[in-house]
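Presented below is the structure to which this report refers.
Values in this text are rule-based calculations from the coordinates and carry no lab data. No experiment lies behind these values; they were computed from the predicted model shown. Every residue, glycine among them, receives a Cβ derived from its backbone with ideal geometry; neighbour counts consider all protein chains shown.
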């Protein structure tokens with residue numbers, strides 16, 4: 001391989017934890033090296049009980065790292081050096097113990113500390129007994145890590161070393177390498193590298209009195225998944241979120257707000273220098289004209305509530321003299337395409353991502369279905385899937401359209 005190719009080779013930090021599937025990990029190193037990667041192996045103490053460090057050194061060509069307290073390495077802050085070196089961190093196998101450690105944010109050994117310190121994407125290939133994988137605590141850790149932007153490959157289903165059968169097998173090394181590299185011959189391109197992306201997520205709450213408010217059913221899960229995918233794609237991400245109970249994706253700067261007015265102000269405080277704005281939040285269109293200072297008591301049989309329009313953050317960003325590439329969301333109950341295209345034109349944005357919502361779809365679910373629209377009749381169905389998977393597809397399309405359209409200026413503001 002030419003030196004220029006080697007200089008740009010993807011750098012994979014492979015973590016190996018203490019499961020029987022560790023015997024497959026040297027083959028994974030070989031598959032990655034075959035595809036032009038530089039591979040640095042970091043082993044847990046348990047992994048050494050299954051495979052020796054010399055095996056990994058032989059196939060990777062690099063000394064294995066396994067000790068957080070290595071005096072020579074840590075004199076130069078070795079765990080930080082590794083965290084900065086990696087383009088991606090892959091843990092294969094990832095045991096139930098490691099999933100719990102990472103979910104809890106603990107850094108008791110070199111591998112867990114590197115995972116906490118890195119801003120590179122983290123990919124886990126779980127391997128454990130089928131009953132362990134099905135355990136509610138393990139599944140809660142999986143959901144928490146996915147919400148933070150960690151990507152899971154597998155597990156597969158089949159015969160296990162314990163004699164049982166079911167989901168829990170680590171994917172085969174060639175499958176893991178292919179999932180990371182096969183489409184482009186290199187690691188998933190950081191299509192938004194060095195760009196600033198501002199994203200809104202979640203609902204807003206508009207107070208009626210000190211104990212009541214107007215809101216909607218948005219959980220914020222899609223917006224948080226988009227933030228994690230944008231960070232994975234290399235962007236500097238600012239996430240302005242309404243009140244939700246979700247963990248902040250790794251390496252994302254989070255700003256918590258409550259009302260539409262607060263979201264509007266926070267976005268405009270952050271939009272300077274941003275190349276992309278993604279308005280994923282379900283912002284209240286109307287708010288009470290006045291909020292009562294004291295709790296409203298039940299008395300009359302009827303009560304009228306005067307509402308006024310909330311500030312339109314999406315349209316205001318699109319109307320800036322030099323706006324960022326602006327993406328809106330349209331959550332619709334019917335005639336999705338027609339309403340999405342009308343919103344695209346009315347708001348003056350570069351793209352709309354539309355989905356159907358209702359009692360049995362859209363809000364507060366782990367899956368979603370999106371179709372994106374852009375000016376000139378452009379349309380692309382991203383299909384249905386998990387919100388993390390859809391978010392990655394959406395970010396890919398946004399990056400492609402951003403490069404195709406480039407910066408733009410507006411001579412006059414459009415009203416929304």
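List of remarks:
- The chain: angle of helix 336-347 to the longest principal axis, Cα-based, in degrees nearest 10: 70
- Fluctuation leader among 274, 228, 330 - the chain, Gaussian network, Cα springs under 10 angstrom: 274
- Here the contact order of segment 108-181, divided by its residue count and restricted to Cα pairs under 8 Å and six or more residues apart, works out to 33 percent.
- Relative contact order [Cα under 8 Å, 6+ residues apart], the chain, whole percent: 11
- Neighbour-count ranking [beta-carbon atoms within 10 angstrom, fewest first] of 341, 287: 341, 287
- Fully extending the segment from residue 23 to residue 136 would add 37.9 nm, taking 0.36 nm per residue of separation and subtracting the current Cα-Cα distance.
- Summarising the strand pairing of the chain, around 35 percent of its internal DSSP beta bridges are antiparallel.
- Gyration tensor over alpha-carbon atoms, the chain, equivalent ellipsoid semi-axes in Å: 43, 25, 20
- Beta bridges assigned by DSSP with both partners in segment 9-181 are antiparallel in approximately 20 percent of cases.
- Build a GNM of the chain with springs between Cα atoms under 10 Å apart, and of 96, 250, 338 the one that fluctuates most is 338.
- Order of 191, 284, 25, 136 under a 10 Å beta carbon neighbour criterion, fewest first: 136, 191, 284, 25
- Computed lengthening from residue 299 to residue 275, 0.36 nm per intervening residue step minus Cα-Cα distance: 3.4 nm
- Candidates 137, 21, 369: whichever shows maximal mean-square fluctuation once the chain is modelled as a Gaussian network with Cα springs under 10 Å: 137
- Virtual spin-label span in nm between residue 338 and residue 403, 7 Å along Cα→Cβ: 3.7
- Summary of the geometry: segment 85-99 and segment 217-284, compared by the centres of their Cα atoms, lie 27 Å apart.
- The antiparallel fraction among DSSP beta bridges confined to segment 246-372 stands at about 40%.
- Computed from the alpha carbon atoms alone, the convex hull of segment 196-405 holds 134 Å³ per residue.
- The residue 292 and residue 174 beta-carbon pair, evaluated with R₀ = 51 Å, returns a calculated FRET efficiency of approximately 0.20.
- Estimated from helices alone, the mean residue ellipticity of the chain at 222 nm is -9500 deg cm²/dmol (sum of -39500 (n - 2.57) over DSSP H runs with n ≥ 4, per residue).
- Between helix 136-147 and the chain there is an angle of about 70 degrees, using the helix long axis and the longest principal axis of the Cα atoms.
- Between 0 and 90°, nearest 10: helix 387-405 axis offset from the chain longest Cα axis: 70
- Whether segment 9-181 is rounded, prolate or oblate, judged on the alpha carbon gyration tensor where a/c under 1.5 counts as rounded: prolate
- The distance between label points at residue 215 and residue 255 comes to 2.1 nm (points 7 Å beyond Cα on the Cα→Cβ vector).
- The gain in end-to-end length when the residue 157 to residue 308 segment is fully stretched comes to 48.9 nm, 0.36 nm per residue minus the alpha carbon separation.
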